[in-house]
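These notes concern the structure reproduced below.
Nothing in this text is a laboratory measurement; each read-out follows from the coordinates by a stated rule. Note that the structure is a prediction, hence the values are computed from the model and not measured. All Cβ positions, even for glycine, are placed from backbone atoms using ideal geometry, and neighbour counts span all protein chains on display.
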Amino acid sequence: MRNYLSTVLLATLALACTPKEEETTIDYTTLSDAERLEVAKEIAQETIMVDGHVDLPYRMKVGGFTLQREILDVSVRTDGGNFDYPRTKEGGLDAPFMSIYIPAGLQAMPGASKALADSLILMTERLTTTFPDKFAMAYSPADIEANFEKGIISLPMGMENGSGLEDDISNVAYFHKRGIRYITLTHGKDNLIGDASYDTTGTYGGLSEYGEQVVKEMNRVGIMVDLSHVSDNTFRDALAITKVPVIASHSSVRKFTPGFERNMSDELIQAMAKNGGVMMINFGGTFIDSAYAAGSGKVREHLVNYMVENNLSRTDSAFEVYAAEYTAANNPFPTVQRVADHIDHVKNLVGIDYVGLGSDFDGVGDSLPTGLKDVSMYPNLIAELLKRGYSREEIEKICYKNIFRVWTAVEEYAATAE
Ligand SMILES: [Zn+2]
């Protein structure tokens with residue numbers, strides 16, 4: 001209930017408001033869609049935008065780019081992929097976490113995972129030394145703010161799969177020194193640290209003993225604990241041990257994808273909020289709508305049958321034309337509204353302070369929603385949130401304030417840890 005004192009306080013605060021603060025009370029829902037999109041583009045440009053997960057380093061590796069050869073030139077518009085400098089600028093993205101992704105298949109070969117991590121880090125650094133007016137490394141929220149002021153895109157790094165640590169706990173500090181600021185504890189398969197969501201083996205029933213040490217060591221040196229890709233049990237175990245808030249760098253809400261453990265259940269979202277963490281919503285079709293997996297499967301099946309019945313191969317131009325038309329007519333893709341539904345769900349369940357953006361661009365193939373196909377399209381999502389009555393302050397929290405809060409807490413804890 002509002003008492004007299006709080007009414008007076010509110011009146012005083014209103015008087016003290018600067019014009020900029022007053023902007024936050026604008027009712028964007030009364031604007032037309034076109035007007036709202038213009039406002040969204042402005043907000044995207046004026047606000048720092050962090051994305052928890054972009055798979056550019058691995059896209060470069062798959063593209064055959066190695067340190068011995070040229071890196072993929074993403075300083076100019078590229079035909080393929082979801083990320084390059086011009087589109088990043090258009091979309092108002094300022095700090096995409098570069099995923100240093102280590103496939104679980106390498107876990108069987110001792111040393112191979114760390115070697116790949118080292119080479120992907122070098123490749124990311126190479127981007128910033130080749131295009132220093134466009135990209136810069138970033139190891140802290142302060143670095144991102146400084147780069148933002150200069151109009152330079154920050155490339156912070158997260159290691160996707162703790163397998164890169166191999167079996168040596170001292171590698172946690174080593175990778176912190178190399179610039180890694182979050183580690184996704186597992187990927188597709190159980191590893192030395194713990195059980196993964198895509199694996200049904202249940203090797204440890206959660207975190208391993210080594211995994212417990214790893215979480216403590218990450219807290220100590222100041223690397224964010226990323227719980228995307230872990231099993232529910234590993235998630236709970238890690239939350240019980242960590243002294244600081246955690247992240248999920250690219251996970252969505254399981255309510256929209258029943259049975260998909262890779263996404264977060266309401267119970268885990270609530271536990272994470274209690275811990276003060278942030279979940280960054282994955283845009284991939286299979287992450288945001290279970291109808292997409294079914295729909296895309298049907299389209300694929302039809303096209304394969306068509307190919308066989310008509311004696312065509314995948315590369316025949318007749319087939320390519322038909323496939324493009326059929327896919328467009330039977331569009332299985334979810335829309336940008338669906339991504340907003342995920343943000344809404346987290347906001348309604350635990351509040352606005354625990355949600356961010358973790359697109360998985362360059363990592364989810366051709367499954368992205370209509371209106372969010374690449375890094376140039378974040379304003380479409382912001383416009384949708386404005387339409388739903390989100391304030392500018394709430395959008396800023398989603399774009400960067402929530403992840404900065406967690407990151408800063410992790411930095412501060414490490415600064416005082418022995
Ligand atoms: Zn992933």
Inset, instruction - Please name which of MET159, ILE43, ILE269 has its Cα lying farthest along the dipole of the chain towards the positive end, using unit charges on Cβ (Lys, Arg +1; Asp, Glu -1) and the Cα centre as origin. - result: ILE269
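How large is the Kirkwood hydrodynamic radius of segment 262-397, counting all unique pairs of alpha carbons, in Å?
Numbers: mean 1/r = 0.0599 Å⁻¹.
Taking the inverse mean of 1/r over all distinct Cα pairs, segment 262-397 comes out at 16.7 Å.
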Legend entry - For MET224, residues with placed amide H under 5 Å, excluding near neighbours: TYR182, ILE183
Legend entry - Cut-off under 5 Å, modelled amide H: who pairs with MET137 long-range: LEU155
Legend entry - Projected label distance in nm at ASP167 and SER140, using a 7 Å step from Cα toward the beta-carbon: 3.7
Legend entry - Cα pair count fraction exceeding 19 Å, expressed as % - segment 217-310: 49
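Would you mind counting up the charge near TRP407? Only other residues with Cβ under 13 Å from its Cβ, with Lys and Arg at +1 and Asp and Glu at -1. Mind showing how you got there, number by number?
Details: positive: ARG181, LYS401, ARG405; negative: ASP143, GLU145, ASP226, GLU411, GLU412.
Here the charged neighbours net out to -2.
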Inset, instruction - Amide H neighbours of GLY284 under 5 Å, at least 5 residues apart or on other chains, H built in the peptide plane: list them. - result: none
Legend entry - Euclidean distance between Cα centres, segment 379-418 to segment 66-131, Å: 24
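Could you count how many Lys pairs in segment 102-222 have their Cα atoms under 17 Å apart, skipping same-chain pairs fewer than 8 positions apart? If you can, show how the numbers build up before the last one.
Numbers: LYS114/LYS177; LYS114/LYS189; LYS134/LYS150; LYS177/LYS216.
So the count works out to 4.
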Inset, instruction - Principal axes first, then extents: for the Cα atoms of the chain, list largest minus smallest coordinate on each axis, whole Å, largest first. - result: 77, 55, 44
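Using the Cα centre of segment 109-153 as the reference point, and only Cβ charges (+1 on K/R, -1 on D/E), how large is the resulting charge dipole? Debye, rounded to the nearest 20.
Taking the Cα centre of segment 109-153 as origin, the dipole is about 180 debye.
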Legend entry - Nearby aspartates and glutamates by direct alpha-carbon distance to LYS243 (threshold 14 angstrom, same-chain neighbours under 8 apart not counted): GLU212, GLU217, ASP226, GLU411, GLU412, GLU418
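Once every DSSP H run of n ≥ 4 in the chain is given -39500 (n - 2.57) and the sum is divided by its residues, what mean residue ellipticity at 222 nm do you get, rounded to the nearest 500 deg cm²/dmol? Show your work: numbers first, answer last.
On the way: 18 runs with 197 residues, N = 418.
Value at 222 nm, helices only: -14000 deg cm²/dmol.
At R0 = 41 Å, how high is the FRET efficiency between ALA409 and VAL321 if r is their beta carbon distance? Nearest 0.05 is fine. Don't skip to the end; give the middle numbers.
On the way: r = 54 Å, r/R0 = 1.31.
The computed FRET efficiency comes out at 0.15.
Net charge within 11 Å of GLY371 by Cβ-Cβ distance, Lys/Arg positive one each and Asp/Glu negative one each, not counting GLY371 itself?
In short, 0.
Please report the relative contact order for the chain, taking Cα pairs under 8 Å with a sequence separation of at least 6, and give it as a percent rounded to a whole number. Don't skip to the end; give the middle numbers.
Values: 795 pairs, mean separation 81.9, N = 418.
Result for the chain is 20 percent.
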Inset, instruction - Please report how far the C-alpha centroid of segment 296-325 lies from that of segment 45-63, rounded to the nearest whole angstrom. - result: 32
Inset, instruction - Mind giving me the FRET efficiency for GLU393 and LYS89? R0 is 22 Å, r the Cβ-Cβ distance, nearest 0.05 is fine. - result: 0.35
Legend entry - Straight-distance crosslink candidates among lysines, where the alpha carbon sits under 18 Å from LYS373 and sequence neighbours closer than 8 are dropped: LYS41, LYS89
Inset, instruction - Could you work out the relative contact order of segment 319-413, using alpha carbon pairs under 8 angstrom and six or more residues apart, expressed as a whole percent? - result: 34
Legend entry - Fluctuation leader among HIS53, HIS176, HIS229 - the chain, Gaussian network, Cα springs under 10 angstrom: HIS176
Inset, instruction - Find how many whole Å separate the alpha carbon centroid of segment 154-231 from the alpha carbon centroid of segment 238-283. - result: 16
Legend entry - Rounded FRET efficiency, nearest 0.05, which uses the C-beta distance separating LYS255 from ASN233 and R0 of 22 Å: 0.65
